[in-house]
Amino acid sequence: MTTTLLSAIILYRKIKSAILSSYYSSPLPLGTLGWPFIGETIEFISSALSHRPESFMDKRRRMYGKVFKSHIFGSATIISTDAEVSRIILQSDAKTFVPSYPKSLTELMGKSSILLISGSLQRRIHGLMGSFFKSSNLKAQITRDMHKYLLESTAKWTEDCPVYIQDETKNIAFQVLVKALIGLDPGHQMDLLKKQFQEFIGGLMSLPINLPGSQLYRSLQAKKKMVKMIHRIIQEKRTRSNIPVVPNDVADVLISDTSEQLTDDLIAENMIDLMIPGEDSVPVLMTLAIRYLSDCPAALQQLSDENLKLKKLKEKLGHTLSWSDYLSLPFTQTVITETLRMGNVIIGVMRKATKDVEIKGYCIPKGWCVLAYFRSVHLDDDLYDFPYQFNPWRWQDKEMSFCNFTPFGGGQRLCPGLDLARLETSIFLHHFVTQFRWVAEDDSIINFPTVRMKRRMPIWVKRRRDP
């Protein structure tokens, strides 16, 4: 019976693959769609939970090449671990590819999320936010806020108990980002918002079951409470007598837009979606930098020397550090770049083809998903020497080619906050290495469903006594 079943499944795979290949003018990439219904999802998740999440990709790259077909999370999918193919996918417009995410995430985000919408509205919102995020006024504000929250946080650290870096960075980054988004300062409202946000984010990769008691249901209820809170903030902004000439936050930017498309509901929901980097991306980037530096004394020494030199110079001149000072530190930037390459806070992006698409001689059929998997590109030994070795010096004589290095995505959906992520991490590293020495406890990186430290990165700190 078992032999018969296996034979039937193998025959099913061969027939389905042959039918698909004969239907399209260009060949489909090699690969297998796996088991009926579940495809290769179980093996994909099993690899993602291991210490080498790219092993699923590596195995198929050896068998089929850098572009191959599979079936994961309920969808037939073309997976790209090829830098050039991924670049073309990222650069394509909505006439070719649209965002595609798991059902639970789509339901939580809502149809008006900037992560899901396409066309002129997406470009409008993205452009408004991108311009604001690049403004010197916002960078100066974020620099002041980072100083304030870092001082408040580090003042509580003691030498007789461990500091959990992941927790500390999440608290700091969330407060900084919420202030930049809706102008909310730390306090009772911030605490309520953070509590609801923790419940909300728990459902991003949950089972798509919206029933009372389920994680998705609780997350949706938490989002409703957050939307209501942000609605009140937007209304207060609309009714104030003194409208700022220069916007103070993203909400100011969006409500000042003359387009009738930007409703209060759309603004409120997108403010919540934009809080995700304050919970995941930026604090994890800071935490991973400390993890890698802890294991690389030479890089830590050079980073410390560079930052201590700048600190002493500014103290001698009687000047405070500006945002441009932090971004001007060359070795600090290479440390951040190398952390982005190795850490892969964003492992890839998923799109869905709106029509048959041909890339490098391969066909991506209409309706199929495509996964541009950044992690495999960033750890490709054809592109990087000793890719699993933390080596910031590799960036001192290497261009950050968009094709081979895409930690923030690319194209029309390039993360608008990429400069702010670098700025916040630069400030954090500066304050950390100029004020403390530390010893890190053993910890490991978890890569699925999001990147994080298993034990929240515990370290033992000692305040520097440098003259």
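Laid out as a table, the results:
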item	result
Yes/no for Q302 being more than 24 Å from S112 (Cα to Cα), at pLDDT 95 or above, surrounded by 13 or more Cβ atoms within 10 Å (Cβ to Cβ) and more than 21 Å from the chain's Cα centre (by Cα)	yes
Whichever residue in the stretch 173-192 is in contact with an Asp or Glu (Cβ under 8 Å, 6 or more places away or on another chain) and part of a helix (DSSP H, G or I) and, among such residues, is farthest from V433 (Cα to Cα)	I182
Residue within the stretch 337-345 that is over 28 Å from S100 (Cβ atoms) and surrounded by fewer than 16 Cβ atoms within 10 Å (Cβ to Cβ) present	no
Selected residue (criterion: nearest to L303 (Cα to Cα)) from residues of the stretch 355-382 that are in contact (Cβ under 8 Å) with a residue 12 or more places away in the chain and open to solvent by 50 Å² or more (accessible area, probe 1.4 Å)	K360
Matching residues, the stretch 255-278, being of a type outside the set (A, V, I, L, M, F, W, C), outside any loop (DSSP other than H, G, I, E, B) and open to solvent by 10 Å² or more (accessible area, probe 1.4 Å)	D264, D265, E269, P277
Residue within the stretch 58-72 that is in contact with a helix residue (DSSP H, G or I) (Cβ under 6 Å, 6 or more places away or on another chain), open to solvent by 10 Å² or more (accessible area, probe 1.4 Å), more than 27 Å from G411 (Cβ to Cβ) and without any contact (Cβ under 8 Å) to a residue 24 or more places away in the chain present	no
Any hit, the stretch 144-160, residues being touching a Lys or Arg at 6+ places or on another chain (Cβ under 9 Å), assigned to a loop (DSSP other than H, G, I, E, B) and charged (D, E, K, R)	yes
Selection status of D252, in contact with a Pro (Cβ under 8 Å, 6 or more places away or on another chain) and open to solvent by less than 20 Å² (accessible area, probe 1.4 Å)	yes
Pairs with Cβ under 9 Å, 6+ apart, first in the stretch 405-430 and in a helix (DSSP H, G or I) and surrounded by fewer than 20 Cβ atoms within 10 Å (Cβ to Cβ), second aromatic (F, W, Y) and at pLDDT 95 or above	L418/F133; D419/F133
Elements of type strands (runs of 3 or more DSSP E) in the stretch 308-385, at least 2 residues being over 25 Å from the mean Cα position of the chain (by Cα) and either closer than 30 Å to S118 by Cα or not aliphatic (A, V, I, L, M) (or both)	357-359, 362-364
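The values are calculated or read from the model by the stated rules, or taken from the named source; none is laboratory data. Computed from a prediction, not measured in an experiment: that's the story for all the values here. When we count neighbours, we look across all protein chains shown, and the Cβ atoms used for this are built from the backbone with ideal geometry, even at glycine. These area figures cover heavy atoms from the full protein model, side chains too; ligands, DNA and RNA do not enter into them. Shrake-Rupley method; radii C 1.70, N 1.55, O 1.52, S 1.80 Å.
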